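Some notes on the structure that comes next.
The values are calculated or read from the model by the stated rules, or taken from the named source; none is laboratory data. In this text, all values refer to a predicted model and were calculated from it rather than measured experimentally. Methodologically, a virtual Cβ is constructed for each residue, glycine included, from the backbone with ideal geometry; neighbour enumeration extends over all protein chains shown.
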Amino acid sequence: MRMAQSSNRSYTLDYGLMSVHLSAETRSDGELAATYEAHFDLLVGIAVSRFGIDRADAETLAHEVFLAFLTCVDRINDQRAWLVSAIFNASKNYVRRAQRTEPLPEDGRDPADPRYARAGQQWPDVLAAREAFARLTPRCQLALRLRHLEGYTIPEIATILGTTSKYAAKLVGRCLDQAQRRYGGGGAS
């Protein structure tokens, strides 16, 4: 942490990744830095020894407590008591949140979704079907999409295409044959 005085009553604290600009009327930057240095190890030690928090997370909690301390330093009468109670509360909250998390399985793998059990085997077929469909004429694409993907009946397709039911049935059959030939790697038209 680096502290720089930008005017006679405001301070900028640089934490590396973030900077905080504070106004402190009664505290000098030396007093704030001394408070930080005097209490940091105490706060980390409390979090580690009393709550069983690992050192890296305890240091993060201590920095969060100091940041909160700096935002209200002028309203605090007993700094040590405030810092100790703040690290107690932050540590309790940390432990409470940690208890709510569910650990990953030992082997590190989640069970596979049964809906996707054959996804790896089906992928080449899906790609080939999409490619075959893309090679069809727009009229054939529309007819097959209406019939097989959207579930329209032959008379409904005939109405949409503005043709007879007999021709719509013939068109759907012919387009399906064409798609199957292209899906199987047959000739191109």
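Yes/no matrix, rows are residues, columns are (1) outside the structural domain of residue 35 (by TED's automatic domain parsing); (2) surrounded by 10 or more Cβ atoms within 10 Å (Cβ to Cβ); (3) within 30 Å of residue 180 (Cβ to Cβ):
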residue	(1), (2), (3)
69	no, yes, no
75	no, no, no
82	no, yes, no
85	no, yes, no
89	no, yes, no
93	no, yes, no
126	yes, yes, yes
136	yes, yes, yes
139	yes, yes, yes
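Annotation note: of 86, 129, 81, 98, the sole residue that is of a type outside the set (Val, Ile, Thr), more than 18 Å from residue 42 (Cα to Cα), assigned to a helix (DSSP H, G or I) and more than 27 Å from the chain's Cα centre (by Cα) is 129.
Tell me the residue from 112, 143 that is of a type outside the set (Val, Ile, Thr) and part of a helix (DSSP H, G or I), please. Spell out the reasoning first.
Details: 112 fails: part of a helix (DSSP H, G or I).
It is 143.
Please indicate, with yes or no, whether at least one residue in segment 52-59 is of a type in the set (A, V, I, L, M, F, W, C), in contact with a helix residue (DSSP H, G or I) (Cβ under 6 Å, 6 or more places away or on another chain) and part of a loop (DSSP other than H, G, I, E, B). Yes, that holds for at least one residue.
Does any residue in segment 54-74 that is within 19 Å of residue 38 (Cβ to Cβ) and in contact (Cβ under 8 Å) with a residue 40 or more places away in the chain come within less than 6 Å, Cβ to Cβ, of a residue that is outside any helix (DSSP H, G or I) and of a type in the set (Phe, Trp, Tyr) six or more places away or on a different chain, and which pairs are these? Between residues of segment 54-74 that are within 19 Å of residue 38 (Cβ to Cβ) and in contact (Cβ under 8 Å) with a residue 40 or more places away in the chain and residues that are outside any helix (DSSP H, G or I) and of a type in the set (Phe, Trp, Tyr), there is no close pair.
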